[in-house]
Amino acid sequence: MGKKVDGAYSNSFQAIGDGYAKDNFNVFYMDKKVDGAYSNSFQLVGNGYAKDNFNVFYIGKKIANAYANSFKYVGNGYATDNTGVFYMGIKIDGAYSSSFRLIDSAYINDYSDAYCMGK
């Protein structure tokens, strides 16, 4: 049986992918409203990541200290902005986005360290 999406305006409601949907006023992830998301600029980035003009989200939760204007999905759960590297929505302490390199499905490195699955 289907579940009602509370607060959704059916005349403008649309699924946009990766579990996200939006209407003219709100954004939803898996039937829950995404707090702080701006529907008019909301877009998918990839693999659960999404952003609007001001914020970045991972599976419907806002990522603190992520910059939407430079945020991009790199692959295998990793994403970067102009100040850092993220794995599955969590910022990797000490990782440098300017020298970030995806080695294979689990490993990355930057100019000073190597990481496995975000650690």
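Bear in mind that the values in this text are calculations on the coordinates, not laboratory data. Predicted model, so just to flag it, every value in this text is computed and none were measured. Ideal geometry is used to build each Cβ from the backbone, glycine not excepted, and the neighbour counts take in all protein chains shown.
Give the total of Lys-Lys pairs in the chain with Cα-Cα distances below 13 Å; include a pair only if its members are 8 or more places apart or on different chains.
Total qualifying Lys-Lys pairs in the chain comes to 14.
Run the dipole for the chain about the Cα centre, Lys and Arg Cβ at +1, Asp and Glu Cβ at -1, nothing else charged, and hand back the magnitude in debye, nearest 20. Walk me through the numbers on the way to the answer.
Working: 12 positive and 11 negative charges, 51 e Å.
Dipole size: approximately 240 debye.
Between [x] 20, 15, 13; [y] 31, 14, 10; [z] 48, 13, 9, which matches semi-axes √(5λ) of the Cα gyration tensor in Å calculated for the structure shown?
[y]
In which sequence would Lys72, Lys3, Lys62 go, from the one with the fewest C-beta neighbours within 10 Å to the one with the most? Could you put the intermediate results ahead of the total?
Details: Lys72 12, Lys3 7, Lys62 15.
Ascending number of Cβ neighbours within 10 Å: Lys3, Lys72, Lys62.
Quick check: residue separation of Lys61 and Asp35 times 0.36 nm, minus the Cα distance between them. What number comes out in nm?
Working: separation 26, 0.36 × 26 = 9.36 nm, distance 0.78 nm.
Extra length from Lys61 to Asp35 when fully extended: 8.6 nm.
Applying the Karplus parametrisation 6.51 cos²θ - 1.76 cosθ + 1.60 with θ = phi - 60° to the phi angles of the range 13-23, what ³J(HN,Hα) value in whole Hz is obtained for each residue in order, glycine and proline being reported as x?
6, 8, 7, 10, x, 6, x, 8, 8, 8, 10
When you count, for each residue, the other Cβ atoms within 10 Å and take the mean per peptide, how do 14-25, 40-51 rank with the highest first?
Result, highest mean Cβ count within 10 Å first: 40-51, 14-25.
Would you mind working out the magnitude of the charge dipole of the range 13-71 relative to its Cα centre, with +1 at each Lys and Arg C-beta and -1 at each Asp and Glu C-beta, to the nearest 20 Debye? Before the final figure, lay out each step's value.
Details: 6 positive and 5 negative charges, 23 e Å.
Computed charge dipole of the range 13-71: roughly 120 debye.
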